[in-house]
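> Before I ask anything, here is the structure I am working with.
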Amino acid sequence: MYNFSELLKRIRAEAGLTQEELAGILDVSTILISMIETGHKEASKGFVLKLSEKLDVRPSSILPFLFVDKDSDTGNISNVEKSLLLLGQKLQSHLIHVKAKRLKKYA
């Protein structure tokens, strides 16, 4: 599963957008996009709201990925948590491969 910075990069790449174009669509600075994508800054609630609006998804479908640590040990988690991680991976794939295309219409 991707953390938020990786997810944002993949969504942007799938949409075929530059950081500058995505910044324009979300009405934020290119520097902010760069900082979030490199993990130097966490996305704010306002940023997630703007992104979810443009992707036409609920913010809650993005929020679970703000604090994902892909390097954390998943060997000691419950079956319920494993199921949620699998569901999260499917949702991320949907965001990247289906919803990202919606961003292009704003460019």
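The values are calculated or read from the model by the stated rules, or taken from the named source; none is laboratory data. All values reported here derive from a predicted model rather than from experimental measurement. No Cβ is skipped: glycine too gets one built from the backbone with ideal geometry, and neighbour counts run over all protein chains shown.
> Got at least one residue in the stretch 62-84 being β-branched (Val, Ile, Thr), touching a helix residue (DSSP H, G or I) at 6+ places or on another chain (Cβ under 9 Å), at pLDDT 95 or above and closer than 25 Å to ALA107 by Cβ?
Scanning the stretch 62-84 turns up no residue that is β-branched (Val, Ile, Thr), touching a helix residue (DSSP H, G or I) at 6+ places or on another chain (Cβ under 9 Å), at pLDDT 95 or above and closer than 25 Å to ALA107 by Cβ.
> Can you work out which of the residues in the stretch 75-106 that are in a helix (DSSP H, G or I) and polar (S, T, N, Q) is surrounded by the fewest Cβ atoms within 10 Å (Cβ to Cβ)?
Quick first cut of the stretch 75-106, residues in a helix (DSSP H, G or I) only: 79-99, 101-104.
From what is left, the residues that are polar (S, T, N, Q) are 79, 83, 89, 92-93.
Values: ASN79: 7, SER83: 11, GLN89: 12, GLN92: 21, SER93: 13.
Only one residue tops the list, namely ASN79.
> Something else about it: For residues that are surrounded by 18 or more Cβ atoms within 10 Å (Cβ to Cβ) and touching a residue at least 60 places away in the same chain (Cβ under 8 Å), tally how many sit in the stretch 15-56.
Residues that pass the stated criteria total 5.
> Are any residues in the stretch 94-104 among the β-branched types (Val, Ile, Thr) and within 12 Å of the chain's Cα centre (by Cα), and if so, which ones? It would help to see each step written out before you state the result.
Start the filter on the stretch 94-104 by keeping residues that are among the β-branched types (Val, Ile, Thr), which leaves 96, 98.
If the condition is that a residue be among the β-branched types (Val, Ile, Thr) and within 12 Å of the chain's Cα centre (by Cα), then ILE96 is the only one that fits.
> Filtering the stretch 15-38 down to residues that are part of a helix (DSSP H, G or I) and of a type in the set (D, E, K, R), which residue is nearest to LYS101 (Cα to Cα)?
The extreme case among them is GLU21.
> Now, a different point. Looking at (1) part of a loop (DSSP other than H, G, I, E, B); (2) in contact (Cβ under 8 Å) with a residue 12 or more places away in the chain; (3) touching a Leu at 6+ places or on another chain (Cβ under 9 Å), find the lone condition where ARG12 falls short.
(1)
> Output the residues belonging to the stretch 1-26 that are touching a helix residue (DSSP H, G or I) at 6+ places or on another chain (Cβ under 7 Å) and of a type in the set (Asp, Glu).
As a first pass, look at the stretch 1-26 and keep what is touching a helix residue (DSSP H, G or I) at 6+ places or on another chain (Cβ under 7 Å): 1-5, 7-12, 14-17, 19-20, 22-23, 25-26.
Listed by number, the residues that qualify are GLU14, GLU20.
> Considering only residues of the stretch 73-93 that are among the hydrophobic types (A, V, I, L, M, F, W, C) and within 20 Å of the chain's Cα centre (by Cα), which is nearest to ARG58 (Cα to Cα)?
LEU91
> Tell me, please, whether a residue that is farther than 21 Å from VAL98 by Cβ, at pLDDT 95 or above, among the hydroxyl-bearing types (Ser, Thr, Tyr) and part of a loop (DSSP other than H, G, I, E, B) can be found in the stretch 39-59.
no
> Take the conditions aliphatic (A, V, I, L, M) and modelled with pLDDT of 95 or more and apply them to LEU22. Does it pass?
yes
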